[in-house]
Every structure is written in structure tokens, then in C-alpha cells.
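Only one structure is covered here, and it is reproduced in the block below.
The values are calculated or read from the model by the stated rules, or taken from the named source; none is laboratory data. All values reported here derive from a predicted model rather than from experimental measurement. Methodologically, a virtual Cβ is constructed for each residue, glycine included, from the backbone with ideal geometry; neighbour enumeration extends over all protein chains shown. Side chains are part of the model used for accessible areas, which takes the heavy atoms of the whole protein and leaves out ligands, DNA and RNA. Shrake-Rupley method; radii C 1.70, N 1.55, O 1.52, S 1.80 Å.
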Number of protein chains: 2
Amino acid sequence: MSQTTFRALGDPTRRAILTMLADQDMTIGDVSDQFDMTRAAVKKHLTVLEAGHLITVRAQGRERYNALNPDGFAPIRDWLSFFDHFWDDRLANLKDVLEKEDPS
Amino acid sequence: MSQTTFRALGDPTRRAILTMLADQDMTIGDVSDQFDMTRAAVKKHLTVLEAGHLITVRAQGRERYNALNPDGFAPIRDWLSFFDHFWDDRLANLKDVLEKEDPS
DNA sequence: CTGAAGTGATACCAATTGGTGTCATATATA
DNA sequence: TATATATGACACCAATTGGTATCACTTCAG
């Protein structure tokens, strides 16, 4: 289900984390340095982001690097595209109607 | 802020409502007929969707029709496009590096 | 006018969420 | 080996959230 992904994006702190990860992969310590909250809180956010497949974690010694997972954004993009296509079609239908009413 | 928009999309019931509204504008009664929950609960969801500018409401007699607001999806699309562009650029940079290492 | 239909608003409740504090574990480093 | 560093895992708490029940208000129809 993509519910975990949508939910992960619902929190502003988590979206900020994703933006930061766009610049560079970061450890929990790196991330929590940028926020006025404990590492435990950041860890929870990272767990939610991982559950939503928006990030991946790779261990390196005692550090664990969090990195963006581009593929994780696909469900969101797909969901949006449903509406985009819908509006495209509706626009096309409107065009057809107009052309039938007043053929040029 | 687009936080209200992201938050609105975080709930599966609200996303289902949006999908239903793609087919046709609906009153609260229409919507709540489709879910196993009270009208009051549906009303709350619609309020959140309206706060996120994802729907608009127009009164018609004693009925109030809820309709999709295509423009409301823009913040989400824009936010996603930031990452899309980022990955495009990163891919381009990678290509540059490869071409420099092994000029064809 | 009277009653039914459609809705808004509020109080209330259980569950979830975002946060802290604390302790345990694993890994570098002196 | 001893110690500091980086992290994970809980237990716990306040605030938010999704839901219900209930009452008031507006509008349509007889």
C-alpha cells in the first residue's frame, strides 16, 4: 500500500529531511544536528520515511547512512497522474463538444 | 503553506473522496452514502480537504456540492518536481563525468 | 404553516502521533 | 582493555486525529 508513503509526506519535518537528503546522504546524527529535537525523535521520522520507501539505509561501520530512494516517490507521482489524465480527458471532451456545437 | 495540502492527502478516506469527486461533484450526503461512517465524520474530512484547497464547495439551495479543485494539487506537483529535477541533474552530472573519463 | 431533508457545529472519546528521557548495544580509538 | 561515539529500543506523556452522538439551523414540499 502507498498509504505509508502518503503518510510519511504528511509531516513537515519529514519533508524537510527529504530535502536535506537531496544534497547528501546523512547519518541520524547529521540530521538531528539540523533540528531542535532529540535523536530519538529524528529516528522515529526516519523510520516512518523508510516504511514509506522514501529512503534507504546503509550501514557503514557504526554509522548508518540515510539516502533518498527515488523509486519511492513513484506511488505519489502515479496517484497524481490519475487526476492529471482525468483533467486532460475532461478538457478534451469539452473541446469536442465545443467543436460540435460550432464547427469551424 | 502547503502543509494543509500534504496533510489532507495523508488519509486514505480523503484520497478516496477525491477519487470519487473526479467522477462527479457530490454533496456530503452523496459522499457519506459511500462510506461506513457518519455524515459528521465525512464532513470533517471535507473540511480538511477544503483547508488544503483540494476541493471547493458551492451552495445550491440547501445542498452544498463539493468539487475537485485542480489548482490545489499544484503544491504537491511542485514539491515532487524539485526532486525530479534534482535527479535529472544528478544523472546529467554523472553522464558528464563518464564522458570525461572515457571520451568517445 | 408544518414537517421532512440537508447541513453545520459542538462535546466527547479512543487511538494515533510527535516528542522526551533513559538504557542497552555495537564500533572506533587512545 | 577502557572509553567515547553512534545508534537502537523502550516506556512514557501531551497533543492531535478520526470517529460518534446530539442539537440547532436552513430550505424545500405538502
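When region B:1-37 is examined, which residues are found to be of a type in the set (Gly, Ala, Ser), at the interface with chain A (Cβ under 10 Å from one of its Cβ atoms) and more than 13 Å from the chain's Cα centre (by Cα)? Talk me through it step by step, then tell me what you get.
Within region B:1-37, the first condition is being of a type in the set (Gly, Ala, Ser), and the residues that meet it are B:2, B:8, B:10, B:16, B:22, B:29, B:32.
The next check asks that each one be at the interface with chain A (Cβ under 10 Å from one of its Cβ atoms); those that pass are B:2, B:8, B:10, B:22.
Correct list: empty.
Give A:Asp78, A:Asp84 a once-over and let me know the one that is part of a helix (DSSP H, G or I) and within 17 Å of the chain's Cα centre (by Cα).
Values: A:Asp84 fails: within 17 Å of the chain's Cα centre (by Cα).
Result: A:Asp78 is the single residue among A:Asp78, A:Asp84 that is part of a helix (DSSP H, G or I) and within 17 Å of the chain's Cα centre (by Cα).
Being closer than 16 Å to B:Arg7 by Cα and open to solvent by less than 30 Å² (accessible area, probe 1.4 Å) is the filter; apply it to region B:55-77 and report the residue that is farthest from the other protein chains (Cβ to nearest Cβ).
Restricting to residues being closer than 16 Å to B:Arg7 by Cα and open to solvent by less than 30 Å² (accessible area, probe 1.4 Å), the top hit is B:Ile55.
Just to be sure, is B:Thr5 β-branched (Val, Ile, Thr), surrounded by 14 or more Cβ atoms within 10 Å (Cβ to Cβ) and within 23 Å of A:Leu49 (Cα to Cα)?
On the way: β-branched (Val, Ile, Thr): yes; surrounded by 14 or more Cβ atoms within 10 Å (Cβ to Cβ): yes; within 23 Å of A:Leu49 (Cα to Cα): yes.
Here the answer is yes, as B:Thr5 does meet what is asked.
Does region A:13-54 hold any residues that are open to solvent by 50 Å² or more (accessible area, probe 1.4 Å), β-branched (Val, Ile, Thr) and near DNA strand C (Cβ under 8 Å from one of its atoms), and which are they?
A:Thr38
From the list A:Asp96, A:Asp84, A:Asp89, which one is more than 16 Å from DNA strand D (Cβ to nearest atom), closer than 27 Å to B:Trp87 by Cα and at pLDDT below 95? First the steps, then the outcome.
On the way: A:Asp96 fails: closer than 27 Å to B:Trp87 by Cα; A:Asp89 fails: closer than 27 Å to B:Trp87 by Cα.
On inspection, the qualifying residue turns out to be A:Asp84.
Please work out which one of (1) within 11 Å of DNA strand D (Cβ to nearest atom); (2) not aromatic (Phe, Trp, Tyr); (3) not in a helix (DSSP H, G or I) is the condition B:Thr56 fails and give its number.
Result: B:Thr56 passes all but (1).
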